[in-house]
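Single-structure report; data block below.
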Amino acid sequence: MARGVGDLRYSHGRRRLLLRAVGLLLVLIVGYVAVTFLQVWAASRRDGAKAADAVVVLGAAQYDGRPSPVLEGRLDHALELYEDGLVDVIVLTGGKQEGDRFTEAYVGSTYLRGKGVPDEDLLLEVQGRNTWESLAAATRILHDKDMDEAILVTDGYHALRVDAIADELGIEASVSPSRRGGTLRQLVEETGAVAVGRVVGFRRLVNVDDRFDDRISDDTDDTDDTGAGSP
């Protein structure tokens, strides 16, 4: 009988210890995600523009040769940095989705040439399907041109993940958002991507990154089109 009572107490003790461990783990996970969210939010509102060798424009949707509102905003911001003399070269990134006739980088270059930027100041990366692939290819372009420093242009909610990927790729970069902040959904989803990427490495999230970037870009373009009164 005494032995049975002792076994029961031992079992209850182990259960309490396990519950405490699980509780502590949950607290740590929630704390980690909460801190990451605050970092994503803070980065979305910070402009790190400074003199560099080039500005790298992260691609976004294009509509049969016409930049989407998101892409146009990024291109206009890169043009401002270029005209302000912070950079001498603009690197345009982004391939094309299935069924597209044009790459995002080509559409961007056409747009900027129409704004007066000469061809020799435009470099194109046309294979990237997501943030990691585009930045990896842009890194090779920069290194081939003996360029070491870059300004990365994207939307504010995307800033922290872009900066983390650049760090993983060995790019000395700052992020200058085309527009600051983001919707709560964008900030939350970016928080998830950053939180996981920091643990497993952003290179391992390439396939997830591909689908994630497409969804976020589509959602943002839909919001912009609605806000602009487009049909």
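Annotation: residue 109 fulfils all but one of (1) buried (at least 16 other Cβ atoms within 10 Å of the Cβ); (2) farther than 21 Å from residue 142 by Cβ; the unmet one is (2). Residues of the range 85-101 that are within 18 Å of residue 119 (Cα to Cα), without any contact (Cβ under 8 Å) to a residue 60 or more places away in the chain and in contact with a helix residue (DSSP H, G or I) (Cβ under 9 Å, 6 or more places away or on another chain): 88, 89, 90, 91, 92, 93, 94.
Residue check: is residue 159 among the small types (Gly, Ala, Ser), within 11 Å of the chain's Cα centre (by Cα), closer than 17 Å to residue 37 by Cα and at pLDDT 90 or above?
So residue 159 fits the description; yes.
Just for the range 136-153: of the residues that are assigned to a loop (DSSP other than H, G, I, E, B) and in contact with a helix residue (DSSP H, G or I) (Cβ under 9 Å, 6 or more places away or on another chain), which one is modelled with the highest pLDDT? Don't jump to the end; show me each part of the working.
Filtering the range 136-153 for residues assigned to a loop (DSSP other than H, G, I, E, B) gives 145-148.
After this cut, where a residue has to be in contact with a helix residue (DSSP H, G or I) (Cβ under 9 Å, 6 or more places away or on another chain) as well, the list is 147-148.
Numbers: 147: 94, 148: 90.
Looking at residues that are assigned to a loop (DSSP other than H, G, I, E, B) and in contact with a helix residue (DSSP H, G or I) (Cβ under 9 Å, 6 or more places away or on another chain), I get 147.
Selection of the range 51-65 for residues being surrounded by fewer than 16 Cβ atoms within 10 Å (Cβ to Cβ) and at pLDDT below 95 yields 63, 64, 65.
Pull up the range 170-197, narrow it to residues that are in contact with a strand residue (DSSP E or B) (Cβ under 7 Å, 6 or more places away or on another chain) and farther than 17 Å from residue 73 by Cα, then point me to the one that is surrounded by the fewest Cβ atoms within 10 Å (Cβ to Cβ).
172
Looking at the range 106-124, is at least one residue modelled with pLDDT under 95 and either under 23 Å from the mean Cα position of the chain (by Cα) or more than 21 Å from residue 201 (Cβ to Cβ) (or both)? No: zero hits. Taking the criterion of being within 16 Å of residue 81 (Cα to Cα) and of a type outside the set (D, E, K, R), the residues of the range 107-123 that qualify are 108, 109, 111, 112, 116, 117, 118, 122, 123.
The values are calculated or read from the model by the stated rules, or taken from the named source; none is laboratory data. Source: prediction; values computed, not measured. Virtual Cβ from ideal backbone geometry, glycine too; neighbours counted across all protein chains shown.
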